[in-house]
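Scroll down for the structure; my scribbles are underneath it.
Just so you know, all these numbers are worked out from the coordinates, no wet-lab data involved. On a predicted model such as this, the values are computed, not experimentally measured, just so you know. Quick reminder, even Gly has a Cβ in these numbers, built from the backbone with ideal geometry, and neighbours come from all protein chains shown.
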There are 2 protein chains.
Amino acid sequence: MDQTPAGTDFPHQSVTFPDGVALDCGRMLPRVTVAYRTYGTLNVDKTNAILVCHALTGDQYVAEQNPETGRPGWWQRVVGPGAPIDTDKYFVICANVLGGCMGSTGPRSPHGERPGALWGTEFPVVTIHDMVRVQKRLVEYLGIGRLFAVVGGSMGGMQVLSWAVQFPEMVFAAVPIAAAYYHSAQNIAFHEIGRQAIFADPCFRNGNYWAEGVRPERGLAVARMTAHITYVSEEALTRKFGRKLQNAEGLSALGEQFAVESYLQYQGSSFVQRFDANAYLTITRAMDLFDLAGEYGGALADAFRAVQSRFLLVSFSSDWLFPTAQSRTMARALNHAAVNVSFVEVQSDKGHDAFLLDEPDFHATLRGFLAGCAAHAGLT
Amino acid sequence: MDQTPAGTDFPHQSVTFPDGVALDCGRMLPRVTVAYRTYGTLNVDKTNAILVCHALTGDQYVAEQNPETGRPGWWQRVVGPGAPIDTDKYFVICANVLGGCMGSTGPRSPHGERPGALWGTEFPVVTIHDMVRVQKRLVEYLGIGRLFAVVGGSMGGMQVLSWAVQFPEMVFAAVPIAAAYYHSAQNIAFHEIGRQAIFADPCFRNGNYWAEGVRPERGLAVARMTAHITYVSEEALTRKFGRKLQNAEGLSALGEQFAVESYLQYQGSSFVQRFDANAYLTITRAMDLFDLAGEYGGALADAFRAVQSRFLLVSFSSDWLFPTAQSRTMARALNHAAVNVSFVEVQSDKGHDAFLLDEPDFHATLRGFLAGCAAHAGLT
């Protein structure tokens, strides 16, 4: 097995800000690199830019083959020529998040305070807001004063919310998909299982596994398996696997594996080839810390007071990780704050992951919303 | 930390059947020991016996302090003098399941085929039906030809179903609580997370950890934490913990633990003191293999054709592990098979674990059902 830490050597397209960024935790992160990709052409007025924000284990390769994994872009159904986010019309930007492992500054970047070392578990605690502040640096670097839209699913949707709240004048349209304005106790609990599984792996070595040429693969695989269950609905698991056995025909084969077990194991083992455990710890923590209402004393509408963006909220009926009720609460709070908001619950039995899958209703909704906003913005 | 494997040395009350039992997997288990407890007095006609079946991590100490852990009996709210299962009226039996670690034959019993060794992971695959067959031996040994009732929650409820189907003439009343007639793909997936966490622990040593004086405590703790999330409802987690931090007051403490994390860690670490990893593997597998409809070509009503018991089915509205819909399907199938069945969905926000907690509606329902059955059986 290749023991190269995921993402080490590949020359990802990136920009480095040597002056660093101030973080919510109070620390200064010196020298911040942002790895990113763009698609389509920025118009002369620089008014057609859409920032796509990725989820927990996503990356910047939204609409093209990932050069490290060889896999297709993670949202090629949604972003591309003629797609709902049409790269023939829009200039699309996607950046690896702060704390990630696909080229942006994260736990496996050079330690900011100890030359020669890597950050490892000493990488500072980062928040969704921190991620967004770094993205803002990139957007400014690209010469863009205002984004036509910010779009993202799951943790990407949290970033969309943070954008609209932190930088209201910079976001014309905001589309949080399968997202929430806080991470619930149950969500935190599932993340904690994953973290404990990583900590329990003897190859974790207090986060210094790179130096010792090992990786906490089994712990990270268990973390991924746990998370994966939360991404799919009970219906989808039943439809795909039910109680089917992996190899044998009869129920007499009591030692046999169920197909769903084999599937989960595959999800776990393929994940560890592309993702770094310390990045997983950092990013899950950022999600857990997200609580937009909490920052405003529990009054979500107050968080949205300064918002200038038009909103489209999308939820999926079988999503039990970020259930529809949370989007509905957001829609109400946005209404309360006199924000222009559409809210669509897409009927789907695919669970949270539906935002990544073939969901024609969702795609049509997104396409229509962007077209309407483009007309309003005088983009056509 | 005490390195004695849980359950090794304590002299649990038990009976041994030296002729063993034939298992569903086709193997013969030589010499089977059943650890059990009884409460109350068997009447002269031997018609007042109630068998209580325990869940995945339960034991025979249903209504008294567990001598190993020092904790109160796990169902003292339900079983005892004057309780819904009234030991002033009924003779209550509870046995540690086959495959368990509280005195009954299980993975840490002497290997049946290799003298001097323990079974470990070579312990045969057992099923819920096998557990029940062993319980039947105990009931016969106690001189009881017919049980007044068989009652159990969760995996205990699976055993109740197995009793009513395998030995219809021996069960006057059957009460499966928070139970299901099969383990779903999602349930199997959660169990598989736990198993993979145990396998990933370097102290697992292919299941021979006793010989090496270690225990896979971290893996087993992760397994328990994962299972525990499925035992509680999202509402209960939110009510008890929400996004509260463990120690600090302010959100500024970004390194701080959430209370729900600390709670889960406690659940994990206290569990490993009382439970054996190989037993956990064996019993979770038995649950996964349970599929009463599957055994009858998918026709659940056919499974119930020979049933003679009166049934009470109880589900809890916020139980997402064994949801109400599964009990409703069972009620329909029992009706279809012309079985006398009551079905009560108890409104509760406590999730699956509600059957162990203070739920007056559930307790009143159980008490009333048993009183009605006692009248029918001429027990009063």
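The figures follow:
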| quantity | calculated |
| --- | --- |
| Around B:Glu113: net Lys/Arg minus Asp/Glu count, Cβ-Cβ under 15 Å | +2 |
| Across A:Lys136/B:Lys240; A:Lys89/A:Lys136; A:Lys136/B:Lys244, pairs whose alpha-carbon gap is larger than 27 Å | A:Lys136/B:Lys240; A:Lys136/B:Lys244 |
| Zone residues, the range A:256-289, relative to A:Glu122, backbone N less than 20 Å from point 7 Å out along Cα-to-Cβ | A:277-283 |
| Mean projected area (nm²) of the alpha-carbon convex hull when the range A:64-193 is viewed from all directions | 10.0 |
| For B:208-219, mean number of other protein chain Cβ atoms within 10 Å | 1 |
| Theoretical ellipticity at 222 nm over chain A - DSSP helices of four or more residues, -39500 (n - 2.57) apiece, nearest 500 | -10500 deg cm²/dmol |
| B:Gln246 versus B:Glu169: modelled label distance in nm, points set 7 Å from Cα along the beta carbon direction | 5.8 |
| Over the protein assembly as shown - Rg/Rh using Cα atoms and the Kirkwood inverse-distance radius | 1.02 |
| Residue order, fewest to most surrounding Cβ atoms within 10 angstrom, among B:Glu261, A:Glu64 | A:Glu64, B:Glu261 |
| Using a 7 Å Cα-to-Cβ projection, B:Gln265 label spacings across copies, nm, ascending | 3.1 |
| Point-to-point label distance, A:Gln76-A:Ala306, nm (Cα→Cβ direction, 7 Å offset) | 4.1 |
| Summed residue charge, Cβ within 13 Å of B:Ser14's Cβ, Lys/Arg positive, Asp/Glu negative | +2 |
| Mean Cβ count within 10 Å, highest first, over the residues of peptides B:84-95, B:146-157 | B:146-157, B:84-95 |
| Computed over the range B:188-284: relative contact order in percent, which uses C-alpha pairs under 8 Å that are six or more apart | 30 |
| Over chain A, relative contact order from alpha-carbon pairs under 8 Å, at least 6 apart, % | 17 |
| Alpha-carbon Debye profile of chain B, log10 I(q)/I(0) at 0.13 Å⁻¹ | -1.08 |
| Environment charge of B:Asp349, counting only residues whose C-beta is closer than 10 Å and scoring Lys/Arg +1, Asp/Glu -1 | 0 |
| Average beta carbon contacts from partner chains per residue of B:286-296, 10 Å cutoff | 2 |
| Number of partner chain Cβ atoms within 10 Å, mean per residue of B:238-246 | 3 |
| Total charge dipole magnitude, chain A, about the Cα centre, Cβ charges on Lys, Arg, Asp, Glu only, Debye to nearest 20 | 420 |
| The protein assembly as shown - charge dipole about Cα centre, Lys and Arg +1 at Cβ, Asp and Glu -1, debye rounded to 20 | 180 |
| Average projected area [Cα convex hull, the range B:188-284], square nanometres | 7.3 |
| Test item: Cα-centred dipole of the range A:188-284, Lys/Arg +1 and Asp/Glu -1 on Cβ, debye | 140 |
| Label distances, nm, A:Leu357 versus same residue in remaining copies, Cβ-directed 7 Å point | 3.1 |
| Inter-label distance for A:Thr69 and A:Asn208, nm, one decimal - labels placed 7 Å from Cα along Cα-to-Cβ | 3.1 |
